[in-house]
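Here is the structure we will look at, set down as structure tokens.
Readers should treat all values here as calculations from the given coordinates under stated rules, not as data from a laboratory. Given the structure is predicted, the values throughout are model-derived calculations rather than measurements. Cβ sites come from the backbone with ideal geometry, for glycine too, and all protein chains shown count toward neighbours.
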Amino acid sequence: MKEIAENVWQLDELGYVNAYLWRWEQGLTLIDTGLPWQGRKILTSIERVGFKPSDVKEIIITHADFDHYGGLMALRKATGARVYVHAIEAMFFKGRWFRKPNLRHPLGILYFPFHALLTKTIFRVPNLQPDLLMVDEEELENGLTVVHTPGHTPGHISLYARDKGVLFVGDLIVNRGGKLSLPPAMFTPQMDIVKESIRKVARLKGVEVAGFGHGPALTAQAGERIREFARKVAPPKRRKPRKKVVKKEGVPRQPKARS
């Protein structure tokens, strides 16, 4: 675990996926929960920096991928924390929609049967009753603002702390060894909407630190890096020039004759 900003920690010991701790007046908020067997490791990391499991008051899930919600139920039981998800993502946990890979991508098609098997066995979807259904621009009591950033999943969110200049982007953007990239196409059904979401977070002001679901956090000038990335992969849509309308000159109207 490493502190990436004051009272903000990245749990980078989980392997290829990250979770984060956010400290505020009432305790800790855990952002994402790793894979199903990583709950104990997360609790050990929390204790290593001087906190108790009961200090975790909230768990926020950025999106419905099993490497982000995997340890949720065990951690909820161990900490007694409230659980927050976006209102759309809550429907996933209630079985209203099924998380699929990108079925327009060849690898997504090949992976789909395996993915369906995993979510019914090792990565079983929990029957979750969230304590809060979040929506876009909602300002949470812990100082974080919800930013709805769909595309990778329908209810994917980022979290923004204007006062601290910290942004958590989940899987909206991946940091591969210092190089920002789009989420994997085979797992992202709506890449065009992802690009719109990237433009959205690029407009946020004062971002100095950014935490990613995969890859190391950026601890300086993160906003500028994200804006550069947005200009590269998601440039603003150009408006089509309006056609000039040529007004036809008609015959001037003659004044009515007075009777």
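A convex hull fitted to the Cα coordinates of the chain yields 219 cubic angstrom per residue.
Placing +1 on the Cβ of every Lys and Arg and -1 on the Cβ of every Asp and Glu, with nothing else charged, gives the chain a dipole about its Cα centre of roughly 2280 debye. In the chain, if the dipole is taken from +1 on Lys/Arg beta carbons and -1 on Asp/Glu beta carbons about the Cα centre, which of N142, Q221, Q190 is farthest to the positive end? Of the candidates, Q190 comes out farthest on the positive side.
Which percent, to the nearest 5, of DSSP beta bridges fully inside the chain are antiparallel?
Values: 24 of 37 bridges.
Antiparallel bridges make up about 65 percent of those DSSP assigns within the chain.
Charge dipole (Cα centre; +1 on Lys/Arg Cβ, -1 on Asp/Glu Cβ; no other charges) of the range 1-50 amounts to roughly 180 debye. Note on the range 2-233: dipole from Cβ charges, positive end direction compared against T119, L75, G34; the farthest Cα belongs to T119. Counting neighbouring Cβ atoms within 10 Å and putting the fewest first, the residues W9, W37, W22 line up as W37, W9, W22. Panel order for R238, R48, R124, by other beta carbons found within 10 Å of each beta carbon, from fewest to most: R238, R48, R124.
When both the range 10-81 and the range 103-136 are represented by their alpha-carbon centers, they are found 20 Å apart.
Listed from fewest to most Cβ neighbours within 10 Å, the set T33, T219 follows the order T219, T33. Please compute the net charge surrounding L218, taking Lys and Arg as +1 and Asp and Glu as -1 over other residues with Cβ under 10 Å from its Cβ. Spelling it out: positives minus negatives among the neighbours equals -1. Between L107, L204, L182, the Gaussian network model of the chain with springs among Cα atoms under 10 angstrom shows the greatest mean-square fluctuation at L107. With contacts taken as Cα pairs under 8 Å at a separation of at least 6 residues, the chain carries a relative contact order of 15 percent. Note: relative contact order over the range 1-84, using C-alpha pairs below 8 Å and six or more positions apart, is 26 percent.
When each full DSSP H helix of the chain is screened for a Cα extent of at least 18 Å along its own axis and an average Kyte-Doolittle hydropathy of at least 0.0, the helices passing are 106-118.
Measuring between alpha carbons in the structure, the pairs from K120/K232; K179/K237; K94/K179 lying more than 32 angstrom apart are K120/K232; K94/K179. Take the alpha carbon gyration tensor of the range 10-111, find the square roots of its eigenvalues, order them as a ≥ b ≥ c, and report rounded if a/c is under 1.5; if not, report prolate when a/b exceeds b/c, else oblate. Here the range 10-111 falls in the prolate category.
Do you know the relative contact order of the range 35-123, to the nearest whole percent, from alpha carbon pairs under 8 angstrom that are 6+ apart? Don't skip to the answer; put the middle values down first.
Numbers: 89 pairs, mean separation 23.5, N = 89.
Over the range 35-123, the number comes to 26 percent.
For the range 127-207, a crude dipole built from +1 on the beta carbon of Lys and Arg and -1 on the beta carbon of Asp and Glu, taken about the Cα centre, is about 580 debye to the nearest 20.
222 nm [θ] for the chain, helices only, -39500 (n - 2.57) per DSSP H run of 4+, per residue, to 500? Walk me through the numbers before you get to the answer.
Numbers: 7 runs with 66 residues, N = 259.
Mean residue ellipticity, 222 nm, calculated: -7500 deg cm²/dmol.
Which of Y20, Y69, Y111 moves most in a GNM of the chain, Cα contacts under 10 Å? Among Y20, Y69, Y111, the largest mean-square fluctuation in the Gaussian network model of the chain belongs to Y111.
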